[in-house]
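Colleague: Take a look at the following structure, please.
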């Protein structure tokens, strides 16, 4: 998909990867609707024409419906919806509350499902539409320290795969972004990843959000499904598939290291 004259919605666009995506799509000629709990309107004001910001909570179906309606009222039919909003938080089964589990599911998985649910009828009628989501390398591998993050990000990847398989022959294109370390508030706050941020930082280069946004724009132009800003993630996936027992043993060693560092 070429971005010029397209209408793109980006959630979680008030900062980090979302803000960088919005800026990159806008620079590519798109009309951009930005959404977040805070900051989206400020980023939109910075971009100026062809940008509008909404303060929206996508952790509810109502919030997603309201966002779609507001975006369409501003710029017309949505061509590309980028479900980028995501949260960390939570550790193990004993320490993580049911409320924290539910919040992780609502933001990291259900928000994708609700958006797609309300976008698909129009897209299928038109014979085209593009759904992108931000998952994580943790969704392909694991996040040491956080069960909710691991489980919900893997579910996000699975949902994107299901969309691509189910609707790919009906004009619906799907991409799933799975970065490793990116210089965002989540990575800087180790507790957001259950103390496992040190593992992420040591596993490879920590990229700036703007670098990730450029990689995403290229992938969307090529309509690639899996977007891996860190190429080594592909190698990790191969090792995991080739020898699951060895891979799990290695992850246990990493986990022991994290626990030792936390005292």
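The values are calculated or read from the model by the stated rules, or taken from the named source; none is laboratory data. A quick note: this is a predicted structure, and the numbers were derived from the prediction, not measured. Every residue, glycine among them, receives a Cβ derived from its backbone with ideal geometry; neighbour counts consider all protein chains shown.
Colleague: Assuming residue 167 fulfils every condition listed in (1) at pLDDT 95 or above; (2) in a helix (DSSP H, G or I); (3) within 18 Å of the chain's Cα centre (by Cα) apart from one, which condition is it?
Modeller: So residue 167 meets the others, but not (3).
Rundown of residues vs (1) out of contact with any helix residue (DSSP H, G or I) (no Cβ under 9 Å at 6 or more places or on another chain); (2) on the phi > 0 side of the Ramachandran plot; (3) not in a loop (DSSP other than H, G, I, E, B), yes/no style:
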| residue | (1), (2), (3) |
| --- | --- |
| 45 | yes, no, yes |
| 49 | yes, no, no |
| 57 | no, no, no |
| 65 | no, no, yes |
| 70 | yes, no, yes |
| 82 | no, no, yes |
| 101 | no, no, yes |
| 105 | no, no, yes |
| 108 | no, no, yes |
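Colleague: Which ones in segment 64-95 are within 19 Å of residue 155 (Cβ to Cβ), surrounded by 15 or more Cβ atoms within 10 Å (Cβ to Cβ) and more than 17 Å from the chain's Cα centre (by Cα)?
Modeller: Once the filter is applied, which keeps residues that are within 19 Å of residue 155 (Cβ to Cβ), surrounded by 15 or more Cβ atoms within 10 Å (Cβ to Cβ) and more than 17 Å from the chain's Cα centre (by Cα), segment 64-95 yields 90, 91.
Okay, residues lined up against (1) at pLDDT below 95; (2) closer than 23 Å to residue 180 by Cα:
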site	(1), (2)
42	no, no
46	no, no
72	no, no
77	no, no
86	no, yes
89	yes, yes
104	no, yes
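Colleague: While we're here: Quick one: which of 32, 52, 56 is free of Cβ contacts under 8 Å to residues at least 24 places away in the same chain and in contact with a strand residue (DSSP E or B) (Cβ under 7 Å, 6 or more places away or on another chain)?
Modeller: Going through 32, 52, 56 in turn, just one is free of Cβ contacts under 8 Å to residues at least 24 places away in the same chain and in contact with a strand residue (DSSP E or B) (Cβ under 7 Å, 6 or more places away or on another chain): 52.
Colleague: Also, quick follow-up: Being more than 23 Å from residue 10 (Cβ to Cβ), at pLDDT below 95, touching a helix residue (DSSP H, G or I) at 6+ places or on another chain (Cβ under 9 Å) and not in a loop (DSSP other than H, G, I, E, B), is that true of even one residue in segment 180-196?
Modeller: Yes, there is a match, as at least one residue in segment 180-196 is more than 23 Å from residue 10 (Cβ to Cβ), at pLDDT below 95, touching a helix residue (DSSP H, G or I) at 6+ places or on another chain (Cβ under 9 Å) and not in a loop (DSSP other than H, G, I, E, B).
Colleague: Looking at segment 120-135 only, could you name the residues that are in a helix (DSSP H, G or I) and surrounded by 22 or more Cβ atoms within 10 Å (Cβ to Cβ)?
Modeller: 123
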